[in-house]
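Beneath this line is the structure, given in structure tokens, with notes to follow.
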Amino acid sequence: MLRQVPDPAAPASKLDRPSEEKTSEKLRHAFRRLTDADPAYWSYEAIKYNENPQAYFQYPAMMVPRMQGDVLEAIQSVYPNVSRTFDPFAGSGTVLVESLKRGIDSLATDINPMALLLCKVKAQPFRVADAEEAFKEVFRLAELDDRQEIEMHYEKRAKWFADTALAELSRFRRSILTIGDLEIRRLLWVAFAEAVRLSSNSRTSTYKLHIRDSEDITKRAVGVAERIRQSMNRVLRMYKENEAVLTASRQVEDGSFRASGKIVNHDMRRPLGSEKADAIISSPQYGDNHTTVTYGQHSFLPLHWIPFDDIDSTLDLALIANTHSIDSASVGGAKTGNAEKREKLRGRSDSLDTLLANPKLPPEARQRLVSFFYDLDICLQNALSVLRGGGPLALTLGNRCVCGIRIQTDTIVSELLTKSGCEFIDTLSRDIPTKRMAHRNKIAGTMLTETLLVMRGPD
């Protein structure tokens, strides 16, 4: 029997909601009860970085799946009829998957092609037998392929790949293109993307593209084909394990989630249209991509090997014109019209006004902060237009350091949302001992904690 859920396009009045006068306190208690029992609950100290079962590709700064699952369950305890979540900064799809696992539909948006590919693969049905057969066929064809053509056309490819890597990756790319099934091909592209990342001359210890030393490059030129094969087999193994675990727990039936995920290539600085959701759960970037986590730069090399039409037909190849294109197109990436942006931000957040008036803040840093918070404010306002009246928001935020000044992003975002008609519910702090963040440099200091900001949207 099909699960009966409210129509996503239905007005808020058609959704059963708790009484308004009690909702805020119930929502606060739903999150606080976990820390009442264990003050360090949200830190998940027992979880190691490499234990993320969704990490088919090492996407930067992935959220902790268990944390987002707990967030969703806390929301469900107050809003039991939540039928659809919304993550406007979807990244690798953690919120998407945690929603689908609980039988809740999910809407996910992002502009990074790699994020869109990961989300689509994680939301589509599990087809283990077809996947195993396709991987075998790709490996077989790659081994038989003796052509010398290089399939990557980026003009600086020789900087980032040894000749042996270019040749072997080209053979695997040609082999993947022979697979006619788009869903299976997308899974293969994800596995291949991780192999590209590990086969490049860029250091894997950082999300930025940093060239390895020449001695290391020479050593890695040996055994490229086997490294690619092992990397892709690892993704297949994770895929099979996920299917088995989700099927055993009845979160997946006949290979499919009971709920559906919609993944949209969309810049949240523009309105999303008629889409509606009952809860916003997300983790916006902590600053512009150039000075925080370089999501686009990290995705750049794999994306040059993957046909964009296989990801999303609406994607523009200009996103990979250079190593900074995706990051420049992201929140805070454009620095034009800064004076006008500053005026529009004025009065939206007292904490932000105080920060931008700080004489210790260099002009360039002030410009970047204005651009980032201006864009983020617009994104949040557009996200609120998707949220049904009085729905909950749970945002994971980080307070980075800029030029020795700690940016109180959690407070600023709370004030921006309040200005847009939201109600503050609570903030909870969590340690992030396992999160890979940039250590001290002239732009950003070490970030050791995150904040979970809980709010209610406008009624």
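Values quoted throughout were computed directly from the atomic coordinates according to the rules given, and no laboratory measurement underlies them. These numbers were taken from a predicted model, which means no experiment stands behind them. Quick reminder, even Gly has a Cβ in these numbers, built from the backbone with ideal geometry, and neighbours come from all protein chains shown.
A few notes on this one:
- Rounded to the nearest 10 degrees, the inclination of helix 363-384 to the longest alpha-carbon principal axis of the chain is 80 degrees.
- Too-long pairs where the Cα-Cα distance tops 19 Å, listed order kept, from Lys122/Lys208; Lys26/Lys276; Lys262/Lys419; Lys101/Lys240; Lys120/Lys159: Lys122/Lys208; Lys26/Lys276; Lys262/Lys419; Lys120/Lys159
- Sorted into 10 angstrom bins from 0, the C-alpha pair distances of region 340-441 split as 12, 44, 33, 10, 0 percent.
- Only alpha carbons enter this Debye calculation for region 128-241, each as an equal point scatterer, and the log10 of I(q)/I(0) it gives at q = 0.14, 0.19, 0.21, 0.23 Å⁻¹ is -0.57, -1.00, -1.18, -1.33.
- With coordinates expressed along the principal axes, the C-alpha atoms belonging to the chain extend over 70, 62, 41 Å, beginning with the largest.
- Region 276-344-region 22-47 distance, computed between alpha-carbon centres (Å): 32 Å
- Within straight-line cross-link reach of Lys335, aspartates and glutamates at Cα separation under 18 Å, skipping those fewer than 8 residues along the same chain: Asp267, Asp288, Asp327, Glu343, Glu364, Asp375, Asp377
- Rounded Å value of the spacing that divides the Cα centres of region 184-204 and region 228-258: 18 Å
- Label-to-label distance, nm, for residues given as Asp181 and Ala158 (7 Å Cα→Cβ offset): 4.1 nm
- Under 9 Å, Cβ to Cβ, from Glu183 - net charge with Lys/Arg +1 and Asp/Glu -1: +2
- Sequence of Lys262, Lys159, Lys360, Lys120 once ranked by neighbouring C-beta atoms within 10 Å, starting from the fewest: Lys360, Lys159, Lys262, Lys120
- The label point for Thr336 and the one for Glu73, both projected 7 Å from the Cα toward the Cβ, are 4.9 nm apart.
- Sequence ranges 73-79, 97-103, ranked by mean other-Cβ count within 10 angstrom, highest first: 97-103, 73-79
- Cα convex hull, region 158-310: 171 Å³ per residue, rounded to a whole number.
- Cα pair distances in region 129-173, grouped into 5 Å bins until the bin that holds the longest one, percent each: 4, 22, 25, 18, 14, 11, 5, 1
- Footprinting exposure proxy for His210, His266 (fewest neighbouring C-beta atoms within 10 Å first): His210, His266
- Each Lys and Arg contributes +1 and each Asp and Glu -1, all at the Cβ; summed about the Cα centre of region 128-241, the dipole is approximately 440 debye.
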